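Let me begin by presenting the structure, written as structure tokens, before commenting on it.
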Amino acid sequence: MTVSSRPPAQAMVLAAGRGERMRPLTDAIPKPLLPVRGQPLMQWPMQGLARGGFTRQLVNTAWLGEQIPAYFGDRVTWPGLPEVQISYSHEGQDFGQALETAGGIVRALPLLDEVFWVVAGDVFAPDFVFTAQAVQRFAASPALAHLWLVPNPAHNPGGDFGLSATGQVLNLPKGAAGRDHTFSTMALYKRAFFTDCGLPAGNPQGVALALAPLLRAAMDRGQVTGEVYAGDWTDVGTPERLAQLNQG
């Protein structure tokens with residue numbers, strides 16, 4: 001990881017995945033750098049965060065990971081937006097592989113704030129608004145994670161989770177009525193969410209750990225809240241979806 005005396009990052013942008021389903025496009029370029037409407041895919045959420053004032057961002061890398069800091073550096077300014085300071089957690093360089101979502105977050109935990117955003121670098125949601133009010137509301141709540149959910153898209157008709165009338169995200173079994181929502185990947189977490197995951201902060205052994213089982217266990221304890229995001233949202237998981245975005 002980048003050793004830094006900077007204040008902790010307010011957001012983590014996930015950019016370590018291999019993007020197998022995007023091959024051969026991802027054989028020579030990491031998926032988050034694939035161009036969408038004139039700029040790298042991951043730049044869209046990075047700019048959205050900057051627009052909301054979240055200018056301290058951390059990016060994890062693995063597959064072809066050297067290309068990402070080569071592109072962005074450790075500071076970047078886009079027209080009309082405040083300067084963004086970027087830290088890196090180089091999972092591929094440090095361990096030879098990506099650590100999956102939870103493993104990667106725990107690896108970066110020493111560089112993250114007490115409450116922080118996590119966004120995927122391969123999801124296109126250009127109109128999502130990152131606000132300080134959402135952070136403050138979540139920080140004051142007893143929840144350990146707050147997820148933004150989208151109506152089930154065509155590629156995930158069975159959905160991921162349910163959502164109660166009081167805003168609790170529900171771990172419903174596959175095929176259950178009410179499993180009407182898909183996780184957008186955009187979320188707020190408290191550091192405490194990862195305290196009992198079985199890995200020490202910093203994940204010094206580089207253990208790969210999936211996020212979904214941790215989320216489902218926390219849902220069963222009533223510790224995960226959520227809300228629906230109704231704006232444009234695309235999980236850019238196939239070359240076809242990428243092509244459709246670039247035709248739009």
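Values computed for the structure shown
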item: Boolean, Gln67 is of a type outside the set (A, V, I, L, M) and open to solvent by less than 60 Å² (accessible area, probe 1.4 Å); result: yes
item: In region 24-33, the residues that are within 22 Å of Asp232 (Cβ to Cβ) and either without any contact (Cβ under 8 Å) to a residue 12 or more places away in the chain or out of contact with any Asp or Glu (no Cβ under 8 Å at 6 or more places or on another chain) (or both); result: Leu25, Leu33
item: Residue within region 190-208 that is of a type outside the set (S, T, N, Q), under 30 Å from Arg23 (Cα atoms) and crowded, with 20+ Cβ neighbours inside 10 Å present; result: no
item: Any hit, region 116-128, residues being in contact with a Leu (Cβ under 8 Å, 6 or more places away or on another chain), farther than 24 Å from Asn203 by Cα and part of a helix (DSSP H, G or I); result: no
item: Matching residues, region 182-220, being assigned to a loop (DSSP other than H, G, I, E, B) and aliphatic (A, V, I, L, M); result: Leu199, Ala201, Val207, Ala208, Leu209, Ala210, Leu211
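Quick grid of which residues meet (1) part of a helix (DSSP H, G or I); (2) touching a residue at least 24 places away in the same chain (Cβ under 8 Å):
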position: Pro45; (1), (2): yes, yes
position: Ala50; (1), (2): yes, yes
position: Phe54; (1), (2): no, yes
position: Asn60; (1), (2): no, yes
position: Trp63; (1), (2): no, yes
position: Ala70; (1), (2): yes, no
position: Pro82; (1), (2): no, yes
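The values are calculated or read from the model by the stated rules, or taken from the named source; none is laboratory data. Everything numeric in this text was worked out from a predicted model, so none of it was measured. Counting neighbours? That spans all protein chains shown, and the Cβs are built from the backbone with ideal geometry, glycine included. Surface areas here come from the heavy atoms of the whole protein model, side chains and all, with no ligands, DNA or RNA. Shrake-Rupley method; radii C 1.70, N 1.55, O 1.52, S 1.80 Å.
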